[in-house]
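Here the structure is laid out as structure tokens; the discussion comes afterwards.
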Amino acid sequence: MYLQGKRVLIMGLGLHGSGIASARYASQQGAVVRVTDLRPAEILAPSIGTLAGLSIEYVLGEHRIEDFLWAEVVIHVPGVHRDSLYLRMARENGAYIEQEIALFFHACPGKIIGVTGTRGKTTTTTLIYHLLRANGMPTVIGGNVSGIETLSLLPTISPETFVVLELSSWQLEGLAPHKLSPFVSVMTNIYPDHLDTYPGMEEYAEAKANIFRYQHETDLAIFNYDNLWTRRLGLEAEAETWYTSLERWGSFARHSPQHMFPFTFSETPMIGKHNLENIILATTTARLLDVPDEVIGFTVRDFHGVAQRLEKIAVVNGVHYINDTTSTTPVAGRVALNAFDVPIVLVAGGNTKFLPLEDWPETIVKKCRDVVMLEGTGTHELLPAIREAAQKLGIADPVRGVFDDFTAAMDTAVLLTNAGDVLLFSPGFTSFGMFLNEFDRGDKFVAYVRSLEEFLSSSTT
């Protein structure tokens, strides 16, 4: 899109990439740029600081109708509801409505590999990136990966560059009006999520399906066969389609399911079956892009995962402290618990996305000796479900309290641990209320553990 001289409104500056990149890009393209965000300047100060020196006007702490009527182009961050009154007013006034990712796709000369799904997107995206780089292929990473300004990558990209993007359902919706899909698409799985945004699972899955909807026959699409949603969606792809399966321990082309390529890259420092699912997707993608098995093997063995996803922070007095703050759904909470076979002290809770709890409460009762909960609307859904599961299973209620203060919650959890335990921070709900976002939540957990280490170290010297 030609932006020079256009009045461009950025809806949502944020703290982690997309809004910042859009504002920078529009300003550098010669647009007249205005930013609007509901959060106040003191919270957004780090983002504003990164844009210092650019001619940008800020309207913070509110959205004004006049700004949306002023704009010729509105670039909104992912997650803004498609039925937003402000977007509708701008559209009716003749404005173009865009997302950062659509601008990037139009301007990018490189070979885009897109990864989507409910769980495992970031890990799979990051591993593909490392696999290609290990083979000497020019590669960059971006999209929904926290802290990366995807538009700012453009000057580094040539036609030979592989561009590995994590793509959310909202970003994929931004590509649909342009009929754009990456030349390689990877779908990890589909589980209930964002049902506060989508009417139901079919609509949510359809948003994800935009990743392959506009591919060509010469493109590649890779799907997780063991997830019923992605298995079904794989039947609809026009591209050359491959499936991966841990249950069948290999990968195979859709047109030739009897010819199985065995999964030989299971030696990994990452924990949990779900990470093997991520690995088989990433390694199959790398193989299809002609990365040698030897390179794949040593890269997988050296890949320790992504920060804030079942990340081991420290071992203190024999207790393993695990940060899984990106667990924002009940499915993620259950998957985290199933990664461990030792006694667990769980810190969980937060605000609801109105998702089914399914068997998460029962898993908590079976796997956790003690549970400390953070205050939130989701916590009030989970708490009675845990107690009902405990009564049904004939096991004592593991919940030791609900806390509206994070430090107090952690202090209680630490006192409940014994050597050999895992203290698992896997909330299973969103973070808003007590924290700025899930990453702020994880940072506070890490800061607490570091301060605990320092305190114990100073007390023994």
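The values are calculated or read from the model by the stated rules, or taken from the named source; none is laboratory data. Source: prediction; values computed, not measured. Counting neighbours? That spans all protein chains shown, and the Cβs are built from the backbone with ideal geometry, glycine included. When the accessible area is computed, the model is the full protein with side chains, heavy atoms only, and any ligands, DNA or RNA have been set aside. Shrake-Rupley method; radii C 1.70, N 1.55, O 1.52, S 1.80 Å.
Tabulated data
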| item | result |
| --- | --- |
| Matching entry among PHE298, PHE354 (being surrounded by fewer than 21 Cβ atoms within 10 Å (Cβ to Cβ) and at pLDDT 95 or above) | PHE298 |
| Any hit, the range 347-360, residues being assigned to a strand (DSSP E or B) and under 24 Å from LEU276 (Cα atoms) | no |
| Residue that is farthest from the chain's Cα centre (by Cα), among those in the range 417-435 that are surrounded by 16 or more Cβ atoms within 10 Å (Cβ to Cβ) and part of a loop (DSSP other than H, G, I, E, B) | THR417 |
| Which listed residue, of ARG369, ARG387, is farther than 19 Å from PHE340 by Cβ and either surrounded by fewer than 22 Cβ atoms within 10 Å (Cβ to Cβ) or touching a residue at least 40 places away in the same chain (Cβ under 8 Å) (or both) | ARG387 |
| Residues of the range 171-206 that turn out to be among the aromatic types (Phe, Trp, Tyr) and open to solvent by less than 20 Å² (accessible area, probe 1.4 Å), as a count | 2 |
| Output for the range 150-177, where each listed residue is of a type in the set (Asp, Glu) and within 15 Å of the chain's Cα centre (by Cα) | GLU166 |
| Residue under evaluation VAL342, criteria (1) free of Cβ contacts under 8 Å to residues at least 60 places away in the same chain; (2) open to solvent by 50 Å² or more (accessible area, probe 1.4 Å), criterion not met | (1) |
| Residues of the range 294-324 satisfying the condition of being touching a His at 6+ places or on another chain (Cβ under 9 Å) and farther than 19 Å from ASN275 by Cα | ALA314 |
| Test: residue in the range 113-134 that is basic (Lys, Arg), surrounded by 14 or more Cβ atoms within 10 Å (Cβ to Cβ), more than 30 Å from SER266 (Cβ to Cβ) and in contact with a strand residue (DSSP E or B) (Cβ under 8 Å, 6 or more places away or on another chain) | no |
| Residues that are assigned to a strand (DSSP E or B) and either modelled with pLDDT under 95 or under 20 Å from SER185 (Cβ atoms) (or both), drawn from the range 254-281 | PHE261 |
| Selection count where residues are on the phi < 0 side of the Ramachandran plot, touching a residue at least 12 places away in the same chain (Cβ under 8 Å) and outside any helix (DSSP H, G or I), scope the range 315-337 | 12 |
| Residue satisfying condition, being under 30 Å from ASP370 (Cα atoms) and in contact with a Pro (Cβ under 9 Å, 6 or more places away or on another chain), within set HIS320, HIS274, HIS304 | HIS304 |
| Residue match in the range 310-328 (condition: of a type in the set (Ser, Thr, Tyr), touching a strand residue (DSSP E or B) at 6+ places or on another chain (Cβ under 6 Å), closer than 21 Å to MET137 by Cα and modelled with pLDDT of 95 or more) | no |
| Single residue of the range 10-40 satisfying the filter (farther than 23 Å from GLU438 by Cα and not hydrophobic (A, V, I, L, M, F, W, C)) that is farthest from the chain's Cα centre (by Cα) | GLY30 |
| Residues of the range 382-401 satisfying the condition of being touching a Leu at 6+ places or on another chain (Cβ under 7 Å) and more than 13 Å from LEU346 (Cβ to Cβ) | ALA385 |
| Residue selected from the range 135-154 under the condition touching a residue at least 12 places away in the same chain (Cβ under 8 Å) and farther than 30 Å from ILE48 by Cβ, by the criterion least open to solvent (accessible area, probe 1.4 Å) | THR139 |
| Condition met for LEU393 (open to solvent by 60 Å² or more (accessible area, probe 1.4 Å) and of a type in the set (A, V, I, L, M)) | yes |
| Positions within the range 233-253 being touching a strand residue (DSSP E or B) at 6+ places or on another chain (Cβ under 9 Å), surrounded by fewer than 17 Cβ atoms within 10 Å (Cβ to Cβ) and not in a strand (DSSP E or B), in sequence order | LEU235, GLU238, TRP249 |
